Each structure stands twice: as structure tokens, then as C-alpha cells.
1. Please state which one of L47, L99 is more than 24 Å from the chain's Cα centre (by Cα) and either modelled with pLDDT of 95 or more or farther than 20 Å from P265 by Cβ (or both).
2. Considering only the range 90-109, how many residues are touching a Pro at 6+ places or on another chain (Cβ under 8 Å), farther than 16 Å from G58 by Cβ and buried (at least 24 other Cβ atoms within 10 Å of the Cβ)?
3. Residue by residue through the range 254-303, note down the ones that are acidic (D, E) and touching a Ser or Thr at 6+ places or on another chain (Cβ under 9 Å).
4. Which count do you get for residues in the range 279-311 that are closer than 26 Å to V61 by Cα and buried (at least 18 other Cβ atoms within 10 Å of the Cβ)?
5. Looking at H235, H254, which one is touching a residue at least 24 places away in the same chain (Cβ under 8 Å) and in a loop (DSSP other than H, G, I, E, B)?
6. Among A573, A504, which is in a helix (DSSP H, G or I), over 26 Å from V340 (Cα atoms) and among the small types (G, A, S)?
7. Which of the numbered conditions does V478 fail, given that it passes all the others? Conditions: (1) on the phi < 0 side of the Ramachandran plot; (2) modelled with pLDDT of 95 or more.
8. Any residue at all in the range 193-212 that's farther than 20 Å from T89 by Cα, hydrophobic (A, V, I, L, M, F, W, C) and touching a Gly at 6+ places or on another chain (Cβ under 9 Å)?
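The values are calculated or read from the model by the stated rules, or taken from the named source; none is laboratory data. Nothing here was measured: the structure is a model prediction, and the numbers come from that model. Methodologically, a virtual Cβ is constructed for each residue, glycine included, from the backbone with ideal geometry; neighbour enumeration extends over all protein chains shown. Only protein heavy atoms, including side chains, enter the accessible area calculation; ligands, DNA and RNA are left aside. Shrake-Rupley method; radii C 1.70, N 1.55, O 1.52, S 1.80 Å.
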Amino acid sequence: MSGDVIHKAVPTAGLLLPNLTDYDAECAGFSWEHARSWLDGLPNGRLNIAHEAVDRWGHGVSGHIEALRLVHADETTTSYSYHQLSELTSRFANVLDSLGVGKDAVVAGLLGRRLEGYVSLLGTLKSGRVFTPLFAAYGPEPVRQRLEIAGAEVLVTTRAAYDRKVADLRHEMPHLRHVLLVDDDSSQPAGNVLSWHVLLDAASPAYITRATARDDPALLHFTSGTTGTPKGALHVHEAVVAHYATGRFALDLHPGDIYWCTADPGWVTGTSYGAIAPLSHGVTVIVDEEEFDPQRWWRILERQHVNVWYTAPTALRMLMRGADAETPRHLPNLRFAASVGEPLNPEIVTWGQRVLGQPVHDNWWQTETGGIMIANYAACDVRPGSMGRPLPGIDAAVVAQDPDGAPIIADGGPVLVFEPDRSGVLALRRGWPSMFRGYLHEEERYRACFSGNWYLTGDIVRRDADGWYWFVGRGDDVIKTAGHLVGPFEVESALMEHPAVGEAGVVGRPDAMAGEIVRAFVVLKPPYEPTAELQRELIGFARKRLGAAVAPRELEFADALPHTESGKIVRRALKDLP
């Protein structure tokens, strides 16, 4: 595969990497300190994400540039300029101040693709507080768990989401002081449940952005692990340096672009590349308020004149399976298409060339990295199936593994592999601006991610002789389904709450559409018997607790589960079952 390439014409605009020699030169001459000069900054070397993403564009001539373009259910649109977005975010920052919310408090958003979500995110950051986005499809227990870990003082959500997922558990969250409903215009507060719009309309549109330091906390993104509770990865305001640089290098963003990232705002992609990176470039961001629909997506790409499109392999596979999937599309404005969330099949890359008029560019990163680390570049030939090459400023390596698959550590650091095409754990030298700075309340868990100066990603890769990286597999058992990370332990714990379940083991099963689907194996307690009715009941129980995106789609009964000598479930053995 490493010899297969899709040759591309070299674009002429922007800061691009036109060939391998220039790529090497760009990497050699790059520094993150120099990249900071691409941003405005605040006095005394301070940085604030909201200033870079909104306020530096929100005044003067650039204030009239279209920042957000919302595509409604009927495909009509509503636009907000950078000036309007600046005023709206200032109003929300003033709302938080008026409520007496702690200066370093956590504000959570459970919203989906709505204007209020973007305003709440950026207004929170403008005020110097920490924002944590939550996936709107989560059920009550995942929402409660994340709000509790974060210690969130404020939740911004809808009436339906609050009533279904939070209200009955509110007594378990004494830290949650205020709930702001974005679709309730009542001026009479009830139990600290307030109207987002009433408060916003009463607030001043002027606000002095808090001069946060580079390392001040800004974003809390939750990611799932194979054991224990979800991990809250903490990111800082300096992350915007990487968001801007990677938007420039990996997504080819230019002034005047119309950009569409299809990721849900509840995930790190929807925050880093659905909001911060594009807005810091002053481009127009498309926000589709509806869920995936193939024909709707084709119309948005065409009618909204999208220039840069960032989406997920699952969505592309669904487009590829449409009735007219091989019909070349007339998309003269589309200059660049990229995908992330799971490994990109080579077939999708070449399908993009046939149907979109250009290949789909894969890239790789994690919640913990905060931004794109490895990518196929806009101006370079594409090798279908490859993750690409590290971005300027990113030093990547392959770490040797022992027979059990664990990284080999010697003399205080990982043992690096230099021969080509040998598999090992992907490692990144620490120090890039968007690197997570901790797992909230879990310092030991955070330290375990590093060896010497290297962050051990847990993903298994190989590097070919030309320096291109290729994904081999995940080093743990986290399930990646339709672009979402699901921790087996979280699903197992929910199933164990049912009185019929004695033990549960959860794994991912390969699926042509979703990448993986969540598959559960359940050992029943006596006197329960395995029946189709009980099977449906358990799946419904899990969906009610976790949400359809997280709950198992398949559930099978077993007499016993495989265990290690220490009593841990051997999930790899479960994966081998037919």
C-alpha cells in the first residue's frame, strides 16, 4: 500500500507544503513560539481562546464577516457576523458574572448543534472559566457521571434534555447551581432553572476579555477508558496556538473560506475543529442543525458552496452506499476534504477522487492531543490508507513492544524503533500547545501516559521508509463506533445494574458502516433464563441508562466469561468469538 499514491496539483494560496523537501524544511524551521506570532495575543503575553476566535475579528471591517451560518431543518439559513458573535459571547460572559459563578468554575453544555452552544462555549472561555461539552445523545447516567467529575456549576441545555436526563438526578449534584434552558423564555426562575435567552437579553454586550495565562485551564473533554470512570482531559488556553496552526497546515484554511465540520459539538472534534480552529482563521462556519441525511448533505455541500469539509469515515461510508454513490458530484467550490474519528479505508480515499473530484485526506489525533498530530497535507500526494506525516512541531516515534503488547521502557524512557515497517506504540514528544495537562482528579492516571519526554498514545502504528505512518490497531479495548469512543467498563457497569445480570463483558465488533458496534456478553443470575424477551429488555435498559449511541447494539448470553488470573475480563478473547 505504501507505494500507492494519488497525485495532486499543488495549490498556490496559503501556507502549504508543496513537496517532501519543503515539508522537511518547514518542520526543521518551525517553532511553536513562532506560531504564537500568528495570533493577536493579549497584553503581557497572555492568551485567551475566545479573543483569538472571536474578538480579534469582531471589530472594524472584519466584524462584518460571516462567522456562523446555521442551516435549519427546512434548509433555510441564519447568519451571524463576527461582530454579532462577539457581542453575544460578551453577553454570556456577563451572565456568568451576574450569577456569581466562580471565576474558575466549570460550565457544561448539553446541546447539540445550536447557536446557543457556540455562544456558551466562547462566552465561558472569554470569562476565563472552563467549558466542558457533553454529547447530546448521552443518557442520564453518563451525563450525571461527567457533571459530577467536572463539578460543573452551570449546565446549558434544552428543556427536554434537562427533564429526561438531569432533573431526577439533580439531588446527587449539589455543585450544580444553575441550569440555563435555551428553549425556555420564562422570566420566572424555578429551582435555579433559568431561561438562557432572558438572561442574555438583559446582559450587556460589552465585556473585557479575561487575560488568561497560557496554562490557565480552558476546556475539559471527556474520553472513555477500558476500566474505571470516564477521564476528564484538561486543556489550556495555549491550545489555540495548535488549533490555529493545524487548521492552517492540516485543513488548508484560508481567509474567505466556507468551512463545514460535521462533528457533534459534544466531542473534541466538534470543539477544536467545529469552532475554535476555523473561527480563529476568520472563516465562515456551517452549522447543520439536523442529523445525518445523505441527500441533505449533498445539497449542503453544493448550495452552501463549501470549500473545506471535515467529516467522519462512518458518514463517508454511508454516502458511498447510497443509490447514486458513484455519480460524480458537481462541487466546484470544494477544495479540500478531510476525515477523522477512525482509520480511513483506502476505498474511501479513492472514492473521493472519483465522486468529489479529489481524495479524502486522513489525519490522526486524540482527545488527549487536543489537535491534529499526523495528517495527509493539502498540497501533497496522498497515500490511501496512511495516517500521513507528523505536523511541523510534532515529533513522533514508534516504541517497541514486549510479547504482551506493552511498550518497552528502559533507562527512564521508551525504546524507540527506527527500522521501517515495524509495528509499535505511537509516541509523541511532549510540549505541543494543545497537549492535555492532566486527567481531572487523577494525577496518577495522567502520569502513566508518559515515559520520559514521550506521551504514549496507546495506538499501534508502523512507519514506512518514507516517514509515513500507518494505523495498525488500538492498544486498548476502547470501542470506536461511528466516530464515538465508548468505554467497555461504562457499558458493563450499566448492564450490571439490571437485577438479571451477574456479569457483563463488552467489546467492539467490526462493522462495515460504523467501524465497530458495541457488543455485550452477559452471564445471568439464577433463576433468570436466556430468552429473546430478556435480551430485548437488557438492550432497552442499557439504552435508557446510556443513550442509543453508547448502549450495545448486540447482546448475547454466556455461561461464563474468560478471566485473567487476577480476575479481569479478557476482552480480547471475547472479540474472537463469532
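1. Only one candidate qualifies: L99.
2. The number of residues fulfilling the criteria is 2.
3. Within the range 254-303, D257, D288 qualify.
4. Count: 13.
5. H254 is the lone residue from the list that is touching a residue at least 24 places away in the same chain (Cβ under 8 Å) and in a loop (DSSP other than H, G, I, E, B).
6. A573
7. V478 satisfies all of (1) on the phi < 0 side of the Ramachandran plot; (2) modelled with pLDDT of 95 or more except (2).
8. no
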